[in-house]
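Colleague: The structure's right below; bear with me while I get my questions together.
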Amino acid sequence: MNKTYSAKPTDVNRQWYVVDAAELPLGRLSTKVADLLTGKGKPMFTKHIDCGDYVVVINADNLVVTGKKVEDKMYYKHSNYPGGLRETNLKFELEKDSTKVIFKSVRGMLPVNKLRDDRLARLKIYAGTEHNHAAQQPKVLKLAKEGK
């Protein structure tokens with residue numbers, strides 16, 4: 001009879017990946033990055049152990065969105081005071097800080113549990129093509145466009 005394998009924190013071997021944000025739209029990019037951070041593509045994946053990899057996202061300034069999301073997609077925050085709702089659109093957020101848009105999107109796609117903060121700490125986002133993680137020898141991950 002076969003036994004079920006459960007990963008241990010000492011068994012985890014983390015890889016480094018570089019992802020270009022200009023290759024895919026924001027949602028598809030975020031799901032791929034979230035899968036890498038959680039380690040769901042690994043055969044040793046265990047839900048309660050953090051098996052994910054490090055992900056470096058470059059070209060956040062050249063982020064791709066489809067349709068009219070640049071004008072229509074809204075971000076909300078509230079000050080917890082009456083009338084304290086503030087809303088901004090994606091265009092303003094991209095001009096202000098394009099790395100936060102990717103961070104918020106990936107954060108929303110990760111499961112809400114005690115492992116989320118550690119997973120997000122392994123996400124490195126840069127606005128341009130330069131990053132300072134060459135010493136880790138990251139693998140360039142080509143994300144193929146689905147469909148056509």
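Every residue, every condition in (1) within 16 Å of the chain's Cα centre (by Cα); (2) among the polar types (S, T, N, Q); (3) surrounded by fewer than 18 Cβ atoms within 10 Å (Cβ to Cβ); (4) outside any loop (DSSP other than H, G, I, E, B), yes or no:
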| position | (1), (2), (3), (4) |
| --- | --- |
| THR10 | no, yes, yes, yes |
| SER30 | yes, yes, no, yes |
| GLY41 | yes, no, yes, no |
| GLY52 | yes, no, no, no |
| VAL55 | yes, no, no, yes |
| TYR75 | no, no, yes, yes |
| GLU87 | no, no, yes, yes |
| PHE92 | no, no, yes, yes |
| VAL106 | yes, no, no, yes |
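Colleague: Read through the list (1) under 22 Å from LYS8 (Cβ atoms); (2) of a type in the set (Gly, Ala, Ser); (3) more than 11 Å from the chain's Cα centre (by Cα), then give the number of the only condition that ALA121 fails.
Modeller: Unmet condition: (3).
Colleague: Checking the conditions here, which among VAL140, VAL106, VAL112 is out of contact with any Ser or Thr (no Cβ under 7 Å at 6 or more places or on another chain) and in contact (Cβ under 8 Å) with a residue 60 or more places away in the chain? Don't jump to the end; show me each part of the working.
Modeller: Details: VAL106 fails: out of contact with any Ser or Thr (no Cβ under 7 Å at 6 or more places or on another chain); VAL112 fails: in contact (Cβ under 8 Å) with a residue 60 or more places away in the chain.
Unique residue meeting the criteria: VAL140.
Each row is one residue, and each column tells you yes or no for (1) closer than 27 Å to HIS131 by Cβ; (2) touching a residue at least 60 places away in the same chain (Cβ under 8 Å).
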position: ALA7; (1), (2): no, no
position: GLU23; (1), (2): yes, yes
position: GLY52; (1), (2): yes, yes
position: LEU63; (1), (2): yes, no
position: TYR75; (1), (2): yes, no
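Colleague: Given LYS124, LYS100, LYS69, which one is out of contact with any helix residue (DSSP H, G or I) (no Cβ under 8 Å at 6 or more places or on another chain) and of a type outside the set (A, V, I, L, M, F, W, C)? Walk me through how you get there before you give the answer.
Modeller: Details: LYS100 fails: out of contact with any helix residue (DSSP H, G or I) (no Cβ under 8 Å at 6 or more places or on another chain); LYS69 fails: out of contact with any helix residue (DSSP H, G or I) (no Cβ under 8 Å at 6 or more places or on another chain).
Exactly one residue qualifies, and that residue is LYS124.
Rule-based calculations on the coordinates, nothing more; no lab input. Computed from a predicted model, the values in this text were never measured in an experiment. Positions of Cβ are backbone-derived with ideal geometry, glycine not excepted, and every protein chain shown enters the neighbour counts.
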